[in-house]
Amino acid sequence: MTRSGSTPRRSVLAAAIGVAGAAAVTTTAAAAAGAARPAPSAARGSGAPGAAGAPAGSETKTEAGRVAEYHGWSGHADWLAGAAKGVRAEAGARPGIVISRPLGSVDYTDPHTGTKAAWEYATWTSPVRTLSVPATEAIVSWNAHTPAGTWIQIELKGSYTDGSATPWYVMGRWASDDGASSIRRTSVDGQSDDKSSVWTDTFSIDDPASGLRLAKYQVRLTLHRKPGTTLTPTVWRVGAMGSDVPDRFEVPASTPSLPKARELAVPRYSQEIHKGQYPEYDNGGEAWCSPTSSQMIIEYWGRKPSAKDLAWVNPDYADPQVCHAARATFDYQYEGCGNWPFNAAYAATYREMQGVVTRLRSLTDAEKLIGAGIPLITSQSFLKTELDGAGYGTSGHLMTVIGFTADGDIIANDPASPSNEAVRHVYKRRQWENIWLRTKRYDANGKVVSGTGGVCYLYFPAKPSAAQRRVLKELGIR
């Protein structure tokens, strides 16, 4: 089931790892911790839609007002606007930044292998971004190519509403591979300044009830490579989102908005058939809801790992690409595959793909995406009695939303199913909407724990269609 965590805000982030059996009702220590701190926004997920320089559609809203904002850097002008030290902005069909002239070298001891090595490095720092929604949480996601022998570090620094500043927080050290010539991708524990902390991949205000918020921020990218080589990572997108979602056990019901039923042809993969496989990656398939969901959507877009990519997988295993996705999203510090930005980054390693962690305001937003042909991956937590037809309860689980019935109910590919054939489910709209969008809920013992608050992953082509581009822009993603 979900891995216990040390943070109240990550009670459902941890949950992104998956569910352990279709009949279990789960209440983990991480979920129980969700009530320990006032939590205006959903556990671990503060991703919210928003676009750089977009006055309309750059933030989501609820009846209580603005709750979240996403801002991304991905265009050539965006890269030129940042402070580049040893990196070069490249134009073209997919603009990005690469190492031009390293600033020097730095030693890094990999905490997961004990290997100490020197790495050349260069940096890019974003302009200061003033949040339209002063935030209790923030999360960063990125899209990059990291050849073997390269890696990137992603950091966040901000200023609070009281005028003081945060330190530079490491939001991830990432490489697409984990071979001998690269580092082990990892989050960094133990980061705090007594006003805020980083819980795996989420910046969180320690005491939201105090009124303190994150007002501004910058993102810094450090690109690393083996000394004396011409290798370089390429970063195509980096985005940060902040949110301040009010506590809510229940959300208003939305009205179905699609004119007719719509279902996307998304492949169906079960995490359950991988139980016991590669337990070094978070106890095997029973915890692989996030990478299994990611792989379904990646393949919907016509991308797949190559035979070379899959050569390490036992040939007796079905759907080896799911094993590959688990390995490629594994966070060696968190010891799980549920690190949300790591999943988005994995999706973007495929040809001309993008991945964003964000937050939606309602099922109406999800219907807009489905109508444009974009499936989504959502995170939710619930008791067995709260979602008819699931047959289990969970403190956090990822599923793919692939369509809506004519009545507006959810068509989902649920990886916590006994077989690939059993993955497709239809869930009641009202039940689904509430378990996904709420930020507070009661566990099986009646204790108040956290909910996800509308968090989702969106994967889409680097060159979406005009209709897809229009919907993404409306949801704040450009």
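Listed values, structure above:
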| read-out | value |
| --- | --- |
| Qualifying residue in the stretch 159-169 (condition: assigned by TED's automatic domain parsing to the domain that holds R225 and crowded, with 24+ Cβ neighbours inside 10 Å) | no |
| Meets criteria (out of contact with any strand residue (DSSP E or B) (no Cβ under 8 Å at 6 or more places or on another chain), crowded, with 19+ Cβ neighbours inside 10 Å and not assigned by TED's automatic domain parsing to the domain that holds G179) for G391 | no |
| Residue count, the stretch 435-478 (criterion: among the small types (G, A, S), farther than 13 Å from E250 by Cα and out of contact with any Phe, Trp or Tyr (no Cβ under 7 Å at 6 or more places or on another chain)) | 6 |
| Hits in the stretch 146-173 (condition: small (G, A, S) and either closer than 18 Å to T358 by Cβ or not in a strand (DSSP E or B) (or both)) | A148, G149, G163, S164, G172 |
| In the stretch 214-231, residue surrounded by the fewest Cβ atoms within 10 Å (Cβ to Cβ) [restricted to those that are among the charged types (D, E, K, R) and closer than 19 Å to A138 by Cβ] | K216 |
| Count of the stretch 131-154 residues which are within 16 Å of the chain's Cα centre (by Cα) and modelled with pLDDT of 95 or more | 6 |
| Test: A412 is among the aliphatic types (A, V, I, L, M), in the same structural domain as S254 (by TED's automatic domain parsing), part of a loop (DSSP other than H, G, I, E, B) and more than 18 Å from the chain's Cα centre (by Cα) | no |
| Residues (surrounded by fewer than 17 Cβ atoms within 10 Å (Cβ to Cβ) and either without any contact (Cβ under 8 Å) to a residue 12 or more places away in the chain or within 22 Å of V67 (Cβ to Cβ) (or both)) located in the stretch 170-205 | A180, G190, K195 |
| Filter result for D443 (acidic (D, E), under 23 Å from L258 (Cα atoms), touching a strand residue (DSSP E or B) at 6+ places or on another chain (Cβ under 9 Å) and in contact (Cβ under 8 Å) with a residue 12 or more places away in the chain) | no |
| The one condition in (1) of a type outside the set (F, W, Y); (2) more than 21 Å from the chain's Cα centre (by Cα); (3) not in a strand (DSSP E or B) that D178 fails to fulfil | (2) |
| Failed item in (1) touching a Gly at 6+ places or on another chain (Cβ under 9 Å); (2) surrounded by 22 or more Cβ atoms within 10 Å (Cβ to Cβ), with G284 passing the rest | (2) |
| Check on R268, more than 29 Å from E69 (Cα to Cα) and not in a loop (DSSP other than H, G, I, E, B) | no |
| The listed residue being over 19 Å from the mean Cα position of the chain (by Cα), farther than 22 Å from G242 by Cα and of a type outside the set (D, E), out of Y350, Y317, Y332 | Y317 |
| Residue in the stretch 432-439 that is more than 18 Å from K368 (Cα to Cα) and surrounded by fewer than 23 Cβ atoms within 10 Å (Cβ to Cβ) present | yes |
| Residues of the stretch 103-145 satisfying the condition of being in contact (Cβ under 8 Å) with a residue 24 or more places away in the chain, among the polar types (S, T, N, Q) and either in a strand (DSSP E or B) or touching a Phe, Trp or Tyr at 6+ places or on another chain (Cβ under 7 Å) (or both) | S105, T123, T125, S126, T130, S132, S141, N143 |
| Residue selected from the stretch 260-281 under the condition among the hydrophobic types (A, V, I, L, M, F, W, C) and within 26 Å of P315 (Cβ to Cβ), by the criterion surrounded by the fewest Cβ atoms within 10 Å (Cβ to Cβ) | I273 |
| Inter-residue pairs, beta-carbon under 7 Å, first among the acidic types (D, E) and in the stretch 376-389, second crowded, with 23+ Cβ neighbours inside 10 Å, 6+ apart | E386/I435 |
| From the options G355, G373, residue that is under 30 Å from R94 (Cα atoms), in a strand (DSSP E or B) and not charged (D, E, K, R) | G355 |
| From the options S257, S187, S270, S197, residue that is closer than 20 Å to M171 by Cβ and either in contact with a helix residue (DSSP H, G or I) (Cβ under 9 Å, 6 or more places away or on another chain) or not assigned by TED's automatic domain parsing to the domain that holds I99 (or both) | S187 |
| Among residues of the stretch 181-207, those that are under 18 Å from A135 (Cβ atoms), part of a loop (DSSP other than H, G, I, E, B) and hydroxyl-bearing (S, T, Y), counted | 1 |
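The values are calculated or read from the model by the stated rules, or taken from the named source; none is laboratory data. These figures come from a predicted structure and were not determined experimentally. Positions of Cβ are backbone-derived with ideal geometry, glycine not excepted, and every protein chain shown enters the neighbour counts.
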